[in-house]
Structure formats: C-alpha cells, structure tokens
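Just below is one structure, and these are the notes that go with it.
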Amino acid sequence: MTDHPILPEKSRLLFLGPPGAGKGTQAELLASRRSLLHLSTGELLRAEVSAGSDLGLQAQEIMARGELVSDDLVLAIVRQRLEHHKGGWVLDGFPRTLTQAEALDSLLEQLGQQIELVLLLELDDSALLQRLLGRGRDDDTEEVILNRLEVYRERTSPLVAHYRQRGLLIPVEATGTVETIADRIEGLLR
Ligand code: AP5
C-alpha cells in the first residue's frame, strides 16, 4: 500500500468555483496525489506577464482589473499544453466561459479524451473576500476581488448548469482547512 493510492480511474477533472474558493490549492494537491498534470490558466498567464511576452503584455491590464482575458488567448495556451500530454490532468480556472467550455469539448474530441468529473467548490462571499485579502496578490484588492466575483457570476457560473446537465458536476463544501477539504474531495471520489 502506498500513502496515496491511485484512486478510481478519474484522471481528467476540472475545478470550478469563485475566486478564492481554493481551486488552485486543491487542484495542485489532487494532481500531485494522483500524478496528474495541473493546468492553471491564471498561473500560466501570470508567468507570461512576468516574462514580458507579447501575450503577457496583452493580458496584464485585463488581469489587473479582474476581467477575463480573451477566449482565443487562453485557448491557445491550453491547446498547446493538452495536445502534447497523453496522461490525465486537473484543470483549474479553465474553462471560464461557455465559449471556452465548447472549445475544450472540441479539442478533447480531437484528442480522443473527455472530462470525467467537475468539482464545484462552494464558499460564501465573505469567506472568499477574507481569504483573498489575506493573500495580497496584485489582483487581490477589495475593488478588484468584487469585480472578479461579478465576472464569475456573469460569465462563469452558467458552466455550473452546463456540467450539471451532463451529469459531471459534484458540489464540494469549501469550508474548513485545506486538509479537511482535500479529504472531503478524496471521500467524494471514492
Ligand atoms: P486565477 O488565477 O484563476 O484566479 P481566480 O479564479 O480569481 O482564483 P484565485 O487564484 O483567486 O482563487 P482559487 O479558487 O484558485 O483559490 P486559491 O487556491 O488560490 O485567474 C486570475 C486572472 O487571470 C483572472 O481574473 C483573469 O483575468 C485571468 N484568467 C485566468 N484564467 C482565465 C480564463 N480561463 N479565461 C480568461 N481569463 C482568465 O486560494 C486563494 C487563497 O486562499 C490562497 O491564499 C490560499 O492559500 C487560501 N486558501 C485556500 N484554501 C484555503 C482554506 N481551506 N482555508 C484558508 N485559506 C485557504
């Protein structure tokens, strides 16, 4: 027995949820436990900004305001990573619009892959705000956080119904410590 057995076959998952719900934290843990690729579009975009690439220059101001970077830019980043990766993956922060979800479906169809599960992290706004203000990333000012929440509600939350209809959605209560939530997720996946 290993400490982290490879639990059921699920190896292509998405994390969905509002900013600060813990998508990045839990996606990284789950990916490392199951030896999956962790793909965070937020992290990839921040790396482009730090590198001062053309893409980073285009994304920088949009991210600073808490708006969404264009679907085309994000899709190009994801396509590049997924089309050369044969194994499983955990996506975090993507898809974030219905257009991105549809583009992901057609990319996966080309690759002969499919989404097996969507984990929806749920947490109330005051807890989200508290977590993000405590972190202090450039886009973690109160004004920008509130805009990110608004953008989540308008552009991303329709994905909840989209994946629920397909029978892929599992809601996860995102309260408690990082370890408590990770255990809750493992429990739901068994
Ligand atoms: P992104 O980086 O994806 O930001 P986000 O969705 O706003 O998510 P966060 O990173 O703020 O929260 P999270 O849910 O991942 O929580 P985390 O684990 O970090 O995107 C940033 C920007 O990039 C977007 O605004 C947009 O401009 C652009 N972008 C990215 N993807 C895009 C896309 N697909 N399309 C278009 N644009 C895109 O945790 C948050 C904090 O809480 C951390 O400090 C963490 O340590 C702490 N924490 C986590 N869990 C717990 C816990 N259980 N208890 C206490 N603290 C906790």
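The values are calculated or read from the model by the stated rules, or taken from the named source; none is laboratory data. What you are looking at is a predicted structure, and each value in this text was computed from that prediction instead of being measured. Counting neighbours? That spans all protein chains shown, and the Cβs are built from the backbone with ideal geometry, glycine included.
Points to keep in mind about this one:
- Residue match in the stretch 156-163 (condition: surrounded by fewer than 11 Cβ atoms within 10 Å (Cβ to Cβ) and either within 15 Å of the chain's Cα centre (by Cα) or outside any helix (DSSP H, G or I) (or both)): no
- Which listed residue is surrounded by fewer than 19 Cβ atoms within 10 Å (Cβ to Cβ) and under 22 Å from GLY20 (Cα atoms), from SER53, SER70: SER70
- Considering the stretch 65-79, and only residues there that are part of a helix (DSSP H, G or I) and in contact with a helix residue (DSSP H, G or I) (Cβ under 7 Å, 6 or more places away or on another chain), the residue that is farthest from the ligand (Cβ to nearest atom) turns out to be ARG79.
- Options GLY176, GLY167: the member that is within 8 Å of the ligand (Cβ to nearest atom), surrounded by fewer than 16 Cβ atoms within 10 Å (Cβ to Cβ) and not in a helix (DSSP H, G or I): GLY176
- Remark: GLY87 falls outside the filter, which requires a residue to be assigned to a helix (DSSP H, G or I), under 20 Å from GLN26 (Cβ atoms), more than 10 Å from the ligand (Cβ to nearest atom) and not β-branched (Val, Ile, Thr).
- Restricting the first member to the stretch 174-188 and to residues that are under 15 Å from ASP124 (Cα atoms) and at pLDDT 95 or above, and the second to residues that are of a type in the set (D, E, K, R) and in a loop (DSSP other than H, G, I, E, B), the beta-carbon pairs closer than 9 Å and six or more apart or on different chains are THR175/ASP124.
- Pairs with Cβ under 8 Å, 6+ apart, first in the stretch 88-108 and farther than 26 Å from ARG33 by Cα, second within 10 Å of the ligand (Cβ to nearest atom) and hydroxyl-bearing (Ser, Thr, Tyr): THR97/THR156
- Any hit, the stretch 115-122, residues being farther than 17 Å from LEU16 by Cα and part of a loop (DSSP other than H, G, I, E, B): no
- Being under 18 Å from the mean Cα position of the chain (by Cα), within 16 Å of the ligand (Cβ to nearest atom), under 20 Å from ASP139 (Cβ atoms) and not hydrophobic (A, V, I, L, M, F, W, C) holds for only one residue in GLU61, GLU43, and it is GLU43.
- Selected residue (only one of GLU122, GLU116 is within 24 Å of LEU189 (Cβ to Cβ), within 15 Å of the ligand (Cβ to nearest atom), touching a strand residue (DSSP E or B) at 6+ places or on another chain (Cβ under 6 Å) and not small (Gly, Ala, Ser)): GLU122
- Conditions (1) surrounded by 15 or more Cβ atoms within 10 Å (Cβ to Cβ); (2) touching a residue at least 12 places away in the same chain (Cβ under 8 Å); number of the one not met by LEU133: (1)
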